[in-house]
Amino acid sequence: MNSMRNLVNLMVLFFSLTLLACSGGDDGAVGPQGVQGESGTANVIYSEWITSPFGPPEAASKFFDLVDGAAFDFNNDVVLVYGRRSVGTIANILPYYEVEEQEYYRVNIVSTTRTIRIVAVTTDGVNSFFDEFDEFRYVIIPGGVPAGGDNARGLQPDYQNMSYDEIATLFNIPE
């Protein structure tokens, strides 16, 4: 019995020494820092400025599909739509309410067709041309896209409350 215990102890000692004797070797030297990559749009998708089809005849409501079959994740991505009067003017995010003409512009997302639709209605029921904006543009920000700042701590920026210029600068979107 003693010899069996000695044999087991000897085997445990042998395997222990074998494991301790193995080493992964020295780590190599740390290589040089790579070249900084070019600033990009972090997979952000944006359209060109698209001319508004709104105009005559007058109506109490109109709509048009800004894009059909857009590549976005309905549940996770952020879709922003902007309207502007002409090149060089302030771009306003939709939804937008034009008080003087009592026109309300909003965005509908049709999930089954991935359509981004702009809907314009008058709030007083009076017919209108809906000519507040000459052009529209959409910006799709994939869910989880880092944007620096608070996002480094895991907080997603509130893109809806950022101006168009802030979004364009943040994601390097050209005019």
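Read-outs: derived from the displayed coordinates by stated rules, not from any lab. No experiment lies behind these values; they were computed from the predicted model shown. No Cβ is skipped: glycine too gets one built from the backbone with ideal geometry, and neighbour counts run over all protein chains shown.
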Rounded D (µm²/s) - the stretch 58-125, Kirkwood Rh over Cα pairs, Stokes-Einstein at 37 °C, 0.692 mPa s: 250 µm²/s
Within the P(r) computed for the stretch 50-170, what percentage of the Cα pairs occupies the region above 16 Å? 63 percent
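Using the 10 angstrom Cβ neighbour count as an exposure proxy, how do 97, 164 rank, fewest first?
Ascending Cβ contact count within 10 Å gives the list 97, 164.
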